[in-house]
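Report on one structure; see the data block that follows.
Here, each number is a calculation from the coordinates, and none is a lab measurement. All values derive from a computational prediction rather than experimental measurement. Neighbour counts run over all protein chains shown; Cβ positions are idealised from the backbone, glycine included.
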Amino acid sequence: MKIQGYWLASGILGVTASTMLRVLNSGADAVVTKSIGLHPRTGHNGPVLATSHGGLLNAVGLTNPGIDAFEEEMQILREVKVPIIMSIFADSPKEIAIVAEKAATLGPSAIELNLSCPHAEISQISHSPTVTTEYVQAVKEVVDLPVFAKLTPNATDYVSVGKAAQKAGADAIVAINTVRAMKIDILQQRPVLGNKTGGLSGPPIFPIAVRCVYDLHNALAIPIIGVGGVSTWKDAVEMHLAGASAIQIGTAVMEDIEVFSKIKNGVQTYLKERGHKSIDEIVGAAGGTN
Amino acid sequence: MKIQGYWLASGILGVTASTMLRVLNSGADAVVTKSIGLHPRTGHNGPVLATSHGGLLNAVGLTNPGIDAFEEEMQILREVKVPIIMSIFADSPKEIAIVAEKAATLGPSAIELNLSCPHAEISQISHSPTVTTEYVQAVKEVVDLPVFAKLTPNATDYVSVGKAAQKAGADAIVAINTVRAMKIDILQQRPVLGNKTGGLSGPPIFPIAVRCVYDLHNALAIPIIGVGGVSTWKDAVEMHLAGASAIQIGTAVMEDIEVFSKIKNGVQTYLKERGHKSIDEIVGAAGGTN
Amino acid sequence: MKMDELMGNPESMQISKIITENPHSKTLLFSLKNQIKFQPGQFVMVWIPEVDEIPMSISSWNPPEMGITVQSIGEATQALISMFKGDWIGIRGPFGNPFSTNSKNALVVGGGVGIAPLRPLVYRLLDRGAEVTLVNAAKTKKELIYFKEFDNLAHPNLRVEIATDDGSLGFKGFATEAVAQLLDENDFDRMYTCGPELMMAGLYNLAKTIKIRFQASLERFMKCGCGICGTCAMDPTGQLVCADGPVFTGEQLAKLANFGKYHRDVVGMKKEC
Amino acid sequence: MKMDELMGNPESMQISKIITENPHSKTLLFSLKNQIKFQPGQFVMVWIPEVDEIPMSISSWNPPEMGITVQSIGEATQALISMFKGDWIGIRGPFGNPFSTNSKNALVVGGGVGIAPLRPLVYRLLDRGAEVTLVNAAKTKKELIYFKEFDNLAHPNLRVEIATDDGSLGFKGFATEAVAQLLDENDFDRMYTCGPELMMAGLYNLAKTIKIRFQASLERFMKCGCGICGTCAMDPTGQLVCADGPVFTGEQLAKLANFGKYHRDVVGMKKEC
Ligand SMILES: Cc1cc2nc3c(=O)[nH]c(=O)nc-3n(C[C@H](O)[C@H](O)[C@H](O)COP(=O)(O)OP(=O)(O)OC[C@H]3O[C@@H](n4cnc5c(N)ncnc54)[C@H](O)[C@@H]3O)c2cc1C
Ligand SMILES: Cc1cc2nc3c(=O)[nH]c(=O)nc-3n(C[C@H](O)[C@H](O)[C@H](O)COP(=O)(O)OP(=O)(O)OC[C@H]3O[C@@H](n4cnc5c(N)ncnc54)[C@H](O)[C@@H]3O)c2cc1C
Ligand SMILES: Cc1cc2nc3c(=O)[nH]c(=O)nc-3n(C[C@H](O)[C@H](O)[C@H](O)COP(=O)(O)O)c2cc1C
Ligand SMILES: Cc1cc2nc3c(=O)[nH]c(=O)nc-3n(C[C@H](O)[C@H](O)[C@H](O)COP(=O)(O)O)c2cc1C
Ligand code: FES
Ligand code: FES
């Protein structure tokens, strides 16, 4: 599959085929499913969402029906012509290989490895180049599909983690997952989220995501899929300039499901006005440190 | 000195005695100086500031006249009754000991170690418990003053770094310094900051700072000084509930130098309305994971 | 993006009053600081500290005071009805599309705690001068909610019919049977309902047969309430009960494969209705 | 907090026109998309790509077109005057407190490129019906800025006096000497000035002696332009030239220990004026 366009990010409306189809009909170029694990998983108690200073906090906790039950949804999606990317997770390289093998039989265009949810046990994977290597290798060994590694911005050295993923065979990097954060209710004097802490998404994390994409683009040869806080075509252009070949959109879908086509149109106009023939001319055009 | 109240954060208006006095007169309970090094330092070329999605990005690059030239300013401040905290930095434990020794002779109430500026060479110190230990120990060995360690939220495991600082003798932790981020201009197709990348401050980082304070408060016995995105009394209450004994304010001073007294009044009213006798009753009251 | 608004301007408040409705249902009243707009049929997400956050219809609306009527069926609802005056809860909302109040002669059918969102609807319809026939249905007399309130109301335009499965009060039998009878004898222009989904599916078929407008408020498992998590999706349209519902018209329901058939549980697995 | 506003709504634009003013000064014109409000005396921060960001007075104001007049004295200003039409720069602002235009008979004294912020002031004063005497001072005739423009203007209320250090045009000698003479012969109600600080300090003393109102636009090293970095602070008041200035009144200047004495360099070390 070509890594380009504007995709639905994992975890937003991605649990049923019907909502993913709706998002595709609204103009998304691809959809990433909710992260699916080996077994059904309840996730954290509510509240699973909170808001603080213009950002969204979530601690859903990887609620999902498990890979076997998810087959039914994938069957419906297989009919569709646009790329469906399956996001998967597991808490050992051995288990992720099992999930990946099962996922591959469901006909996705690519597999995205969630190595980075900041409010679940798996949060630590993409903090370590070594552990990241193990997961990516385990999956690459069992599937023939493109494999994307989704990283956390919370790691001291996300560039080394990205390099490790690339060396282990990842076909693209997805950056970023949510940023560790929390909200405390001052009247109740307790954390709002059921899980107490969670991950920040939406506009406030945009400059953090841009930096991450920029750093990774400058260090790696594989494409970068940018995600984090994008809600306008201006954001998308900035993310492309930082080095993103494709862009995923999550939180902004809550405001407007038409966000994909609006962004696409805006970017097209920008390219035309600036005399660019294709998006490739601006990907990474902000230059870099190397 | 007692770790309480609302202080000016390092790097905001903290280069001359006159501005620090002005901030004190506007109601700050203490001021932290700009981070001062051994030698004069120009810092990065402009732009040193940018804005993105409600946040401020800076890459000032530790511009400062050096510890010797700074003596003149400290002489003026020594007359003042409120605490003056000297922020210092260096790129080796040996050098920080020299700066700390010199700083101690200038009569500050405490020394704050900037181990965490994300857009200078020193950015890596507080990513490592070992290196952090070396810096804190080096300073504790030569000065008799309270020593605060200022940490980065960008470290994989900031809690371990905090523990290392505590074990090395730090008297308090300051959290957080700015978050790695950047801004690209889509018309010029280049990064805005002279240094290309920078650190994010202001409201968007508030939930990140709260989480960091909360995690550290739950793991450590020494006081936490909260900083990051505080601009209202509600923010301050939330930060106290997370575990901050004192709070520093930086970016919000740009909007209103009266922010210190406004916050103080708001918090006082809150305490009264809720029937709390003192701030101690709410510090860390949001509970914790341990 | 106006994140607070999209998230329903979350707010914490203390319960100001508790009314026992039946052995396992209570109405909780509290005051909002935010000035919110409300239409009958809309709901809020209720944060029960240390427990969970669950969707609840707004059953009472006298700004700034509002209320919810909770029936205990599991952990969160049990915790909620065990709370005391002065206890803190969190509220965000209101969310969802409301009932249309464009009716001259309305039939309103509530099954069990399904009557909750219909209560403000009935008042709104009466305010607008409509004739309203309310069917308040429950398993048994003791389970009826708002029975006394509507009984005491004696509004000239309101007619209340009671139906109990065991016949302990009013019509004996299912709400659908009571409604079939009423439809024979009256000329309603609209039917509104909320309650067990099989009941609503039955009513929908009745309405379809005699071709009157129909609106039902659906329940689905909800984690976010504001259109981001996808838990409450309907097949095959991908409509979200939280954002596109909870009130759906007959035309909309005709396209929903899972209406009256299945819902998805907490992990997203299909469960029969 | 309205971060964009506080930061002066940063915007990039292409230079639309360049006017050579003298061998080392040019006026650059460009158009802003943001609708901004401007008062004479205010300045913008100009981002010269790959080089630096520096403060520049707004010297021309015909919305949406505005302009700056740059004298080359170092790396950034040299880069700026070496740019071409169509090149991109970044602008944020305007920042700072403006001149008061409350004058009937004004004396305006510009030294060197210090005339830049005074240009829109002169026009504003004339618009308001004031009598204006402009002293345009430079080292030598060749260095005069806006000389022709004001010469051609021939506004009945405007009188232009030229002063050059070498006497190559107009009064021979320092601006202060020229002004001293003018003050003897005229009844001004206000003096406005911008230029080398020692000149401004001299003028301040003259104004103080004869007790007329005085306003001067100060220059200090600036990194942020918007009151956060502290580089431009004045002693001992802690006033910031970017936020509390750059225009200060005589009363304010009286309290500033460093006016006419010292400024701080890029690292914050004191340097004699
Ligand atoms: C828009 C909306 C409005 C509602 N209004 C009211 C109201 O006014 N009063 C009231 O009492 N209840 C109302 N509910 C239902 C209420 O939200 C659930 O009863 C509650 O979430 C159950 O939580 P629990 O922890 O008590 O039960 P659980 O332990 O979570 O569940 C008990 C059983 O109920 C099932 N269940 C739980 N929630 C749902 C659901 N949303 N849909 C289908 N099955 C479910 C579970 O699968 C389980 O079998 C409403 C629901 C929705 C979606
Ligand atoms: C509010 C304000 C308005 C200004 N308006 C104009 C204008 O309209 N036109 C114009 O040509 N210039 C103006 N300036 C001055 C201009 O900003 C400086 O000339 C410029 O920043 C120098 O940058 P550079 O890299 O070219 O020189 P550098 O190489 O940085 O400096 C050259 C020399 O000038 C000194 N210097 C640099 N900047 C300053 C400063 N701000 N104050 C004191 N000394 C300084 C340096 O210390 C050095 O000795 C203004 C300054 C301020 C503060
Ligand atoms: C409610 C919610 C659920 C999410 N669930 C997942 C998930 O299951 N797997 C995953 O990789 N990322 C998940 N994410 C992270 C998003 O995919 C995305 O990386 C992040 O939200 C930043 O993008 P945004 O600002 O556009 O939302 C979730 C985000 C939100 C807000
Ligand atoms: C312009 C600017 C300069 C700063 N300089 C320093 C510094 O020299 N030393 C330091 O420890 N922190 C520095 N900081 C970080 C602040 O002290 C503070 O940790 C951070 O800005 C978060 O707080 P805030 O959101 O209240 O600004 C600087 C921040 C800004 C915005
Ligand atoms: S409850 Fe989350 S989308 Fe409806
Ligand atoms: S230039 Fe930064 S405070 Fe004035």
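Which loop trypsin sites (Lys or Arg not before Pro) in segment B:195-290, with loop taken from DSSP, have no more than 12 other Cβ atoms within 10 angstrom of their Cβ? All intermediate terms of the calculation are to be shown ahead of the outcome.
On the way: sites: B:196, B:211, B:234, B:262, B:264, B:272, B:274, B:277; in loops: B:274, B:277.
Counting only loop positions with at most 12 other Cβ atoms within 10 Å, the trypsin sites (Lys or Arg not before Pro) in segment B:195-290 are B:277.
Please compute the contact order of chain B in relative form: average sequence separation of alpha-carbon pairs under 8 Å and at least six residues apart, divided by the residue count, as a percent.
Numbers: 693 pairs, mean separation 53.3, N = 290.
Relative contact order, chain B: 18 percent.
Relative contact order of chain C: what whole-number percent is it, with Cα pairs under 8 angstrom and at least 6 residues apart? Before the final figure, lay out the partial values.
Values: 599 pairs, mean separation 43.9, N = 273.
For chain C, the relative contact order is 16 percent.
Which is the longest run of chain D containing none of the trypsin sites (Lys or Arg not before Pro) found in DSSP loop states (not H, G, I, E, B) with at most 15 other C-beta atoms within 10 Å? Mind showing how you got there, number by number?
On the way: sites that count: D:2, D:33, D:37, D:85, D:104, D:128, D:139, D:211, D:255, D:261.
It works out to D:140-210.
What does a probe at residue C:198 reach in segment C:151-167, counting residues whose amide N is under 20 Å from the point 7 Å along Cα→Cβ?
C:163-167
Sort A:176, B:186, D:18 so the one with the fewest other Cβ atoms within 10 Å of its own Cβ comes first.
Numbers: A:176 30, B:186 21, D:18 17.
Least to most surrounded, the residues fall as D:18, B:186, A:176.
7 Å along Cα→Cβ for the label point: how many nanometres lie between residue C:153 and each equivalent label in the other copies, listed shortest first?
7.7
Specify the inter-centroid distance of segment B:29-106 and segment C:10-50, based on alpha-carbon positions, in whole Å.
Cα centres, segment B:29-106 to segment C:10-50: 52 Å.
Which percent, to the nearest 5, of DSSP beta bridges fully inside chain B are antiparallel?
Bridges in chain B are about 35 percent antiparallel.
Let me make sure I get this right: for segment A:26-121, a, b and c are the square roots of the gyration tensor eigenvalues over alpha carbons, sorted descending. Under 1.5 in a/c it's rounded, otherwise prolate if a/b > b/c, else oblate. Which is it? Present the calculation step by step, with values, prior to reporting the outcome.
Working: a/c = 2.01, a/b = 1.31, b/c = 1.53.
In terms of gyration-tensor shape, oblate.
Among rounded, prolate and oblate, which fits the protein assembly as shown when a ≥ b ≥ c are the square roots of the eigenvalues of its C-alpha gyration tensor, a/c under 1.5 means rounded, and a/b larger than b/c means prolate?
Values: a/c = 1.97, a/b = 1.79, b/c = 1.10.
It is prolate, given that a/c is not under 1.5 and a/b is the larger ratio.
Of all DSSP beta bridges in the protein assembly as shown, what percent run antiparallel (nearest 5)? Working shown, then result.
Working: 103 of 212 bridges.
The answer is about 50 percent antiparallel.
Shortest first, in nm, what separates the label point of residue C:84 from those of the same position in the other copies (7 Å along Cα→Cβ)?
8.1
List, in order, the whole-Hz ³J(HN,Hα) value for each residue of segment B:84-89 obtained from phi through the Karplus relation with A = 6.51, B = -1.76, C = 1.60 and θ = phi - 60°; use x for Gly and Pro.
10, 10, 8, 8, 9, 8
If Lys and Arg each add +1 and Asp and Glu each add -1, what is the summed charge of the other residues whose beta carbon sits under 10 Å from the beta carbon of residue C:61?
Working: positive: C:119, C:124; negative: C:65.
That works out to +1.
For segment D:161-273, what is the percent of antiparallel DSSP beta bridges, rounded to the nearest 5? Let's see the in-between values first.
Numbers: 7 of 14 bridges.
Percent antiparallel among DSSP bridges in segment D:161-273 is about 50.
Please state the shape class of chain A: rounded when a/c is under 1.5, otherwise prolate if a/b exceeds b/c and oblate if not, all from the C-alpha gyration tensor.
Numbers: a/c = 1.24, a/b = 1.11, b/c = 1.12.
Cα axes put chain A in the rounded bin.
Give B:150/B:262; A:264/D:223; B:150/B:264; C:104/C:142; A:34/B:163 a once-over and call out the pairs whose C-alpha atoms are over 27 Å from each other. Present the calculation step by step, with values, prior to reporting the outcome.
On the way: B:150/B:262 25 Å; A:264/D:223 37 Å; B:150/B:264 23 Å; C:104/C:142 32 Å; A:34/B:163 36 Å.
Violating the 27 Å limit, Cα to Cα: A:264/D:223; C:104/C:142; A:34/B:163.
Can you tally the net charge around residue D:185? Count Lys and Arg as +1, Asp and Glu as -1, for every other residue whose Cβ sits under 13 Å from the Cβ of residue D:185. Working shown, then result.
Working: positive: D:159; negative: D:161, D:184, D:187.
Result for the local shell: -2.
Return the Cα extents of chain D along principal axes one, two and three, sorted largest first, each rounded to a whole Å.
49, 43, 34
Tell me which lysines have Cα within less than 19 Å of residue C:85's Cα, excluding those fewer than 8 residues away on the same chain?
Within reach: C:17, C:26, C:33.
Taking H placed 1.01 Å from N in the peptide plane, check which residues at least 5 places from residue D:100 or on another chain put their amide H under 5 Å from its amide H.
Placed amide hydrogens put nothing under 5 Å from residue D:100.
To the nearest 500 deg cm²/dmol, what mean residue ellipticity at 222 nm is calculated for chain D from DSSP H runs of n ≥ 4 alone, each contributing -39,500 (n - 2.57), summed and divided by the residues? Walk me through the numbers on the way to the answer.
Details: 7 runs with 61 residues, N = 273.
One gets -6000 deg cm²/dmol as the mean residue ellipticity at 222 nm.
Compute the separation of the alpha-carbon centres of segment D:92-146 and segment A:200-223 and state it in Å as a whole number.
47
Could you pull out the trypsin sites (Lys or Arg not before Pro) across segment A:7-116 that fall in loop regions by DSSP (anything but H, G, I, E, B) with no more than 16 other Cβ atoms inside 10 Å?
Working: sites: A:22, A:34, A:41, A:78, A:81, A:94, A:102; in loops: A:34, A:78, A:81.
The qualifying sites are A:78, A:81.
When each copy gets a label point 7 Å from Cα toward the beta-carbon at residue C:73, what are the spacings between them in nm, shortest first?
7.6
Can you put B:77, B:193, D:134 in order, fewest other beta carbons within 10 Å first? Please list the in-between numbers first.
Numbers: B:77 21, B:193 28, D:134 25.
Arranged by neighbour count, lowest to highest, B:77, B:193, D:134 become B:77, D:134, B:193.
Under a GNM of chain A (C-alpha, springs under 10 Å), which listed residue has the highest mean-square fluctuation: A:47, A:203, A:129?
A:47
Counting only helical runs of four or more DSSP H residues, what would the 222 nm mean residue ellipticity of chain A come to if each run contributes -39,500 (n - 2.57) and the total is spread over all its residues?
Numbers: 8 runs with 95 residues, N = 290.
Mean residue ellipticity at 222 nm (helix-derived): -10000 deg cm²/dmol.
Going by how many other Cβ atoms sit within 10 Å of their own, how do B:73, D:65 line up, fewest first?
Numbers: B:73 24, D:65 13.
Taking fewest neighbouring Cβ atoms as first place, the list is D:65, B:73.
Under 5 Å between amide H atoms, partner at least 5 residues away or on a different chain: which partners does residue C:163 have, H built in plane at 1.01 Å?
The answer is C:136, C:137, C:138, C:171.
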